[in-house]
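These notes are about the structure you will find just below.
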Amino acid sequence: MQSVVARQAGTKQEGALFAMWALFWLLMIAVAVEDNRGDPGVRWWEPVLWEVSSCTVATFWLLLERRNASLWNEHLAQPWRWFAKHLVWMPVIVVTFIIAVYGIRHGVYALSGEIYEHESWPYLFFYESIKLTLFAGLWLGIIFGLASFTRWQQEREHLLTLQKHLAESQLAQLKAQLQPHFLFNALNTISSLMQVDVERADRLLTRLADLLRSSLQASARDMTSLGEELKLLEMYAQIMQERFTGRVTLVWNIADDALDAEIPAMLLQPLLENAFKHGVERRLDPVTIRVAAEKQGDELCVTVHNSDSLLTTTTSTGIGLRNCRDRLELIYGARAGLQLLQDGHGVIARLTLPCRKATCAS
Amino acid sequence: MRILIVDDEAPARDKVRRWLAAQADISLVGECADGLEAAASIASLQPDAVFLDIQMPGMSGLEVAAQLEPAHAPLLVFVTAYDEHAIKAFDLNAIDYLLKPFDKERLNKTLERLRERCGGASAKSASAIRVARAQTGSSERLLVPQGETLQIIDASSIHWLEADDNYVHVHTAQARYMLRRTLSDLLIQLGSRFMRIHKSAAVNIAEVKLLAPLFKGDHEVHLRSGAVLRLSRRYKDELFAQMGT
């Protein structure tokens, strides 16, 4: 995503380049006119014609270069490559330049009933090649400098937004993990359970500690494996099931080959949390939550389906979901997506992201 | 003291029930798992005090409280795990609440306070109900009896309210509901959308079609539904000001 500021910087750079170009050629014309002022054999318009014809063809080449800037810009990080990619065109440039420039000059001279006299063609060829290469080298240097500067500005800006988003999402992530609602309610369930079944209460307390530990670890790293993320979800679900005894059934449908797929840490937890919040907590009748994951081609597809709830506007704009989407966009750009769909009486949260093998499945 | 427990989570109810059982002067009259059931039980069982969980499916504890008539309401103790907003309001208004999880000592303290307040002056829960109304936008919804059960209707669907002894008749396009509430408290709950037109009637201002003058400065209020009501001279100026005539 190219930001407006970066694009503005790009056009500003372009403007500077063309201003320099115009100034350069005005100077060239002035110098040529000045050089030939004392020469009675040369009329005033001749040096102007020489320079204007060169300028016209050179400008054409510059415009062509700028038009295809994206072709070279991917090599900006490797200057030699960038220059080489340009210089391979030199033979073409030299030939077309000489033909076009001398064609124009011969034409104009012929129109005014004169003959354009110049050095022999082989010498001309040799002389113009060297001049053009030096000339191209100078201007490519300038273009490279400006383009690098633009790129640097864009990158710096992109990095700044990335850092800002990262910091924000980390913050929000931390909030999501320690959802005070979830935490206090879980503690209350344990406190209630303790009165009747100490062992079960103890198990639940241990589960809560595990979950807290895992979520703290998860917040410390960006990516994890689907398997790890699902462990976290299961712990969360176990605690919630204890809280909402008899009101929720969980069905896990996970393809084995999807377990080692890479996924942003703590990305799924808010989806499951939403399923509980909008499904289980809002009604007393039993709700079924299905979590499924599978590879589809080169995509990983994870769905959280809750059997009984209605899609509301607040659901789609909730902080948890927005946070998920922001993270997906930052990491995968347009290649990942998160949709909420109404499915009969239920709601499906459907997440797709490029399938990559997790590198640090710990 | 007769107590009702309201909480959608079974383990949470179990704990309170267990601890209340140890108190000789307390009898548990019922347990409810959601707001609507709680409202019905409060009306039918008339407990002295209610432990009212805030987060519940359907109707929250605050919404249940908002629909109560302060004069007949039981003592209320709100119970919540986390609700920054409501808790701030409770603290400001010295309203009883329990934060989950709570221990026996904390519950006993609350019971102590309930014992002190029980049997005291009437409208003991007035401030709790006022806060609950402010927190929930209770002017938009009204809880009405529908046969054996209760249901929530939109305040905007009400045409007019008619006081009748200890009851209020709520007239809508589809039905007439009979509530054991006072007209004045109902008008406090429903806010400025309604206006009293005489001692025992109030209208939804949006439903008024025209005001027809009679002899001697009296007027009639014609509603869109066709109903024609008498406008008493006492409320005339206020209604005219409100109608912009």
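Each reported figure results from applying straightforward, stated rules to the coordinates on display, with no laboratory input. Treat the numbers as computed from the prediction; the structure is a model and nothing was measured. Note that we place each Cβ from the backbone using ideal geometry, even for glycine, and neighbour counts take in every protein chain shown.
Using R₀ = 56 Å, calculate the FRET efficiency as 1/(1 + (r/R₀)^6) where r is the Cβ-Cβ separation of A:K131 and A:H165; round to 0.05.
FRET efficiency, A:K131 to A:H165: 0.65.
Place +1 on the Cβ of every Lys and Arg and -1 on the Cβ of every Asp and Glu in the protein assembly as shown, take the dipole about the Cα centre, and give the residue among B:W160, A:W152, A:T352 whose Cα lies farthest towards its positive end.
So the residue furthest toward the plus end is B:W160.
Using the number of other C-beta atoms within 10 angstrom as an exposure proxy, rank A:M235, A:M90 with the fewest first. Show your work: numbers first, answer last.
Numbers: A:M235 21, A:M90 15.
If I rank by nearby Cβ atoms, fewest first, I get A:M90, A:M235.
In the calculated pair distance distribution of the protein assembly as shown, what percentage of Cα-Cα distances lie above 33 Å?
65
Could you work out how far helix A:4-35 tilts from the main Cα principal axis of chain A, as a 0 to 90 degree angle to the nearest 10?
On a 0 to 90 degree scale, this one is about 10.
For A:E155 paired with A:D343, estimate the spin-label separation in nm (one decimal), with each label point 7 Å from Cα along the Cα-to-Cβ line.
4.4
Take the Cα atoms of chain B, find their three principal axes, and give me the spread along each one in whole Å, biggest first.
If we take the Cα atoms of chain B, the spans are 69, 35, 31 Å.
Which of B:A175, B:A40, B:A24 moves the most in a Gaussian network model of chain B with Cα springs under 10 Å?
Highest fluctuation of the listed residues: B:A24.
Let me confirm one metric for peptide B:77-84, namely the mean number of other chain beta-carbon atoms within 10 Å of its residues' beta-carbons.
Taking the mean over all residues of the peptide, I get 3.
What 222 nm value per residue comes from the helices of chain A, counting each DSSP H run with n ≥ 4 as -39,500 (n - 2.57) and dividing by all residues, nearest 500 deg cm²/dmol?
-21500 deg cm²/dmol
Provide the three semi-axes, in whole Å and in decreasing order, of the ellipsoid equivalent to the stretch B:101-245 as defined by the square roots of 5 times the Cα gyration tensor eigenvalues.
Over the Cα atoms of the stretch B:101-245, the ellipsoid semi-axes are 37, 17, 14 Å.
Need the list of lysines near B:K100 for cross-linking: C-alpha distance under 21 angstrom, and skip anything on the same chain fewer than eight residues off.
By straight Cα distance, B:K100 reaches A:K175, A:K277, B:K15, B:K88, B:K109.
With only Lys, Arg, Asp and Glu charged, each at its Cβ (+1 for the first two, -1 for the last two), find how big the charge dipole of the stretch B:39-168 is about the Cα centre; round to the nearest 20 debye.
So the magnitude is around 480 debye.
Please give the contour-minus-distance gain from A:T288 to A:F24: 0.36 nm per residue of separation, less the Cα-Cα distance, rounded to one decimal in nm. Walk me through the intermediate numbers first.
On the way: separation 264, 0.36 × 264 = 95.04 nm, distance 7.41 nm.
Contour length minus Cα-Cα distance gives 87.6 nm.
Rank B:P213, B:T149, B:L239 by how far each Cα sits towards the positive end of the charge dipole of the stretch B:141-243 (+1 on Lys, Arg Cβ; -1 on Asp, Glu Cβ) and give me just the farthest.
B:P213
Taking the 0 to 90 degree range and rounding to the nearest ten, how far is the long axis of helix A:45-67 tilted relative to the main principal axis of chain A, both from C-alpha atoms?
20
If I model a spin label at A:D298 and A:T249 as a point 7 Å from the Cα along the Cα→Cβ vector, what separation in nanometres do I get?
4.0
Running a GNM on chain B with Cα contacts under 10 Å, which residue among B:P47, B:P145, B:P74 ends up with the highest mean-square fluctuation?
Judging by the Gaussian network model, the answer is B:P145.
Rounded to the nearest 0.05, what FRET efficiency do B:R176 and A:K357 have when you use their Cβ-Cβ distance and R0 = 56 Å? Walk me through the intermediate numbers first.
Values: r = 68 Å, r/R0 = 1.21.
My answer for the efficiency is 0.25.
If we count other beta carbons within 10 Å of each Cβ, what is the order of A:V92, A:V48, B:V77, fewest first?
A:V92, A:V48, B:V77
Between A:A334 and A:R221, what is the FRET efficiency for a Förster distance of 22 Å, r being their Cβ-Cβ separation, to the nearest 0.05?
Working: r = 24 Å, r/R0 = 1.11.
In this case the efficiency is close to 0.35.
Determine the shape class of the stretch B:2-136: with a ≥ b ≥ c the square roots of the Cα gyration tensor eigenvalues, call it rounded for a/c under 1.5, and otherwise prolate if a/b is greater than b/c, oblate otherwise.
Because its axes are fairly even, with a/c under 1.5, the stretch B:2-136 counts as rounded.
Can you give the extra length, in nm with one decimal, that the chain gains between B:R18 and B:A71 once fully stretched, where that is 0.36 nm per residue apart less the Cα-Cα distance?
Additional length available on full extension: 16.0 nm.
Looking at the stretch A:4-166 from every direction and averaging, what is the projected area of its Cα convex hull in nm²?
11.3
Restricted to Cα positions, what overall size does the stretch A:218-257 have along the principal axes? Three whole-Å values, descending.
Taking the Cα atoms of the stretch A:218-257, the three principal extents are 34, 26, 8 Å.
Let me know the mean shielding of A:184-190 by other chains, meaning the per-residue number of their Cβ atoms within 10 Å of its Cβ.
Rounded to a whole number, the mean comes out at 6.
Any number yet on Rg/Rh for chain A, C-alpha, Kirkwood?
My calculation of the ratio gives 1.29.
Arrange B:F78, A:F244 by Cβ neighbour counts within 10 Å, fewest through most, would you?
The most exposed by this proxy come first: A:F244, B:F78.
For the ranges A:106-119, B:223-236, what's the packing order if you count other beta-carbon atoms within 10 Å of each residue, average per peptide, and put the highest first?
Those peptides, ordered most packed to least, come out B:223-236, A:106-119.
Among A:A275, A:A349, A:A30, which one shows the highest mean-square fluctuation when chain A is modelled as a Gaussian network with alpha-carbon springs under 10 Å?
Per the Cα network of chain A with a 10 Å cutoff, A:A30 tops the list.
What do you get for the angle between helix B:10-21 and the principal long axis of chain B? Use alpha-carbon atoms, 0 to 90 degrees, nearest ten.
70
Among A:S70, B:S225, A:M223, which residue has its Cα positioned farthest towards the positive end of the charge dipole of the protein assembly as shown, with +1 placed on the Cβ of Lys and Arg, -1 on the Cβ of Asp and Glu, and the dipole taken about the Cα centre?
Farthest towards the positive end: B:S225.
If you average the alpha carbon positions of the stretch B:63-107 and of the stretch B:152-184, how far apart do those two centres end up, in angstrom?
28
Over the whole of B:3-11, what's the average partner chain Cβ count within 10 Å per residue? Rounded to a whole number, please.
That works out to 5 on average.
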